[in-house]
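Asks: Sharing a structure, written as structure tokens. Questions coming.
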Amino acid sequence: QVQLVESGGGLVQAGGSLRLSCATSSRYAMGWFRQAPGKEREFVTAISWSGGSTSYADSVKGRFTISRDDAKNTVYLQMNSLKPDDTAVYYCNADLRWLPTGPGKFWGQGTQVTVSS
């Protein structure tokens, strides 16, 4: 069974930074989605299986960076210049295919990110 274990969420002031981590049991194409209260889950960013391609939602371009460490089977989401609108539960997502085309099969438990104004 595929396990995705997330960490790194928390409370931060606007303009601050957080780094999320997601450890997996094997190597996959990886991504992050988020869901704010009362809203649908939305795509944030993804990185390909090889790490050679990345994709970002327009709302986070230039502020968020996704990366992977395949020796540790871990993907990271570095979030800078955070805004209150970034407040959401962030979910790690994994599959063998390219994730911006749609969510993959496997999900983490979610980690809360709260940005105060």
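The values are calculated or read from the model by the stated rules, or taken from the named source; none is laboratory data. In this text the structure is predicted, and so the values were computed from the model without any measurement. Counting neighbours? That spans all protein chains shown, and the Cβs are built from the backbone with ideal geometry, glycine included. Keep in mind that these areas ignore ligands, DNA and RNA; they rest on the heavy atoms of the full protein, side chains included. Shrake-Rupley method; radii C 1.70, N 1.55, O 1.52, S 1.80 Å.
Asks: Restricting attention to the stretch 92-110, report how many residues are open to solvent by 20 Å² or more (accessible area, probe 1.4 Å) and part of a strand (DSSP E or B).
Replies: 2
Asks: For a quick check of your reading of the model, give me the residue pairs whose first member lies in the stretch 48-65 and is under 25 Å from residue 26 (Cα atoms) and in a loop (DSSP other than H, G, I, E, B), whose second is polar (S, T, N, Q) and open to solvent by 60 Å² or more (accessible area, probe 1.4 Å), with beta-carbon atoms closer than 8 Å and at least 6 apart or on different chains.
Replies: Listed by first residue and then by second, the contacts come to 48/54.
Asks: Moving on to the next point. Pairs needed: first member in the stretch 1-16, without any contact (Cβ under 8 Å) to a residue 60 or more places away in the chain; second member anywhere, open to solvent by 30 Å² or more (accessible area, probe 1.4 Å) and in a loop (DSSP other than H, G, I, E, B); C-beta distance under 6 Å; at least 6 residues apart or different chains.
Replies: 3/25
Asks: Please go through the stretch 47-58 and pick out each residue that is open to solvent by 60 Å² or more (accessible area, probe 1.4 Å) and modelled with pLDDT of 95 or more.
Replies: 54, 58
Asks: Return yes when residue 44 is in a loop (DSSP other than H, G, I, E, B) and either within 10 Å of the chain's Cα centre (by Cα) or at pLDDT 95 or above (or both) and no when it is not.
Replies: No: the conditions fail for residue 44.
Asks: Please go through the stretch 10-37 and give me each residue that is over 11 Å from residue 75 (Cα atoms), part of a loop (DSSP other than H, G, I, E, B) and either open to solvent by less than 30 Å² (accessible area, probe 1.4 Å) or modelled with pLDDT of 95 or more (or both), ordered by number.
Replies: The answer is 14, 15, 16, 17, 36.
Asks: Suppose we filter 89, 75, 115 for residues that are in contact with a helix residue (DSSP H, G or I) (Cβ under 6 Å, 6 or more places away or on another chain) and in a strand (DSSP E or B); which single one remains?
Replies: Working: 89 fails: in contact with a helix residue (DSSP H, G or I) (Cβ under 6 Å, 6 or more places away or on another chain); 75 fails: in contact with a helix residue (DSSP H, G or I) (Cβ under 6 Å, 6 or more places away or on another chain).
None of the other options fit; the residue is 115.
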